[in-house]
């Protein structure tokens with residue numbers, strides 16, 4: 001695999017870069033702080049740690065938003081992170097919101113993907129309800145690996161004011177998390193979007209993050225051909241093409257909604 005790890009000096013620089021970004025984003029908005037959805041996973045936890053460095057514990061309001069498919073351990077970890085950082089947090093159940101949507105359009109019941117995305121979009125609505133009420137910005141938790149393959153819900157977890165760790169591959173997120181002191185059990189926990197029961201990122205994507213990051217770095221972000229990438233990494237050519245296809249099909253998620261070009 002490609003070694004995407006930072007040196008100690010690079011880790012310190014990335015840490016300062018994210019902290020300064022959060023601080024400057026909030027200041028530029030003239031906001032009183034930030035709101036962050038806490039899932040108990042590594043991405044939201046790392047973002048919370050760095051946001052508290054930037055804004056202080058009073059500057060971050062955490063939201064723990066469980067649904068019926070949420071893992072109890074993840075929700076407990078989310079609250080643990082909030083308590084350890086000393087931030088104000090609320091636990092808001094989102095399933096009544098999901099039930100209201102399905103009550104309005106019952107034809108979607110049983111559609112795992114559609115209902116899962118409604119859960120993500122319900123969390124986004126709650127984030128902005130709190131942020132608007134308290135004059136705060138909404139921090140996202142997306143990383144570069146997820147963004148490049150479209151592994152996020154459009155107008156759900158992608159509906160935020162900024163992504164502080166959005167330029168970090170997943171392997172770099174893990175490294176920076178250890179650097180700032182995120183608990184090891186959270187660093188090593190299998191990532192999940194929490195949209196349906198038993199979901200994990202790597203099972204759904206069909207690839208582990210180390211391999212995904214290497215393919216992205218060499219082929220999607222880098223100059224290597226499909227063949228050269230497969231040969232360099234010792235993986236099947238079809239896997240490289242699969243990642244490239246995910247990237248191409250999700251391009252619309254990374255752009256503003258299109259409008260026609262004037263005639």
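Computed values, structure above
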{"read-out": "Cα→Cβ-extended label distance, 7 Å offset, between residue 99 and residue 208, nm", "value": "4.1 nm"}
{"read-out": "Packing rank of 205-214, 102-111, where each peptide gets the mean count of other beta carbons within 10 Å, highest leading", "value": "205-214, 102-111"}
{"read-out": "Which labelled figure in (i) 18.7, 57; (ii) 17.5, 55; (iii) 19.3, 64 is Rg and Dmax of the Cα atoms in Å, once derived from the coordinates", "value": "(i)"}
{"read-out": "Per principal axis, descending, Cα span of region 47-191 in whole Å", "value": "47, 33, 28"}
{"read-out": "For region 1-106, projected area of the alpha-carbon convex hull averaged over all directions, nm²", "value": "9.9 nm²"}
{"read-out": "Residue order, fewest to most surrounding Cβ atoms within 10 angstrom, among 179, 163", "value": "179, 163"}
{"read-out": "Order by protection proxy (mean Cβ within 10 Å, highest first), peptides 150-160, 251-261", "value": "150-160, 251-261"}
{"read-out": "Considering only the chain, percent of DSSP beta bridges that pair antiparallel, nearest 5", "value": "0 percent"}
{"read-out": "Globularity ratio of region 112-244, using Cα Rg and 2.2 N^0.38 Å", "value": "1.17"}
{"read-out": "Proxy reagent accessibility, fewest Cβ within 10 Å first, across 15, 121, 5", "value": "5, 15, 121"}
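Read the figures in this text as sums done on the coordinates, not as results from a lab. Being a predicted model, the structure only gives us computed values, none of them experimental. Because the Cβ atoms are built from the backbone with ideal geometry, glycine has one as well, and the counts that use them run over all protein chains shown.
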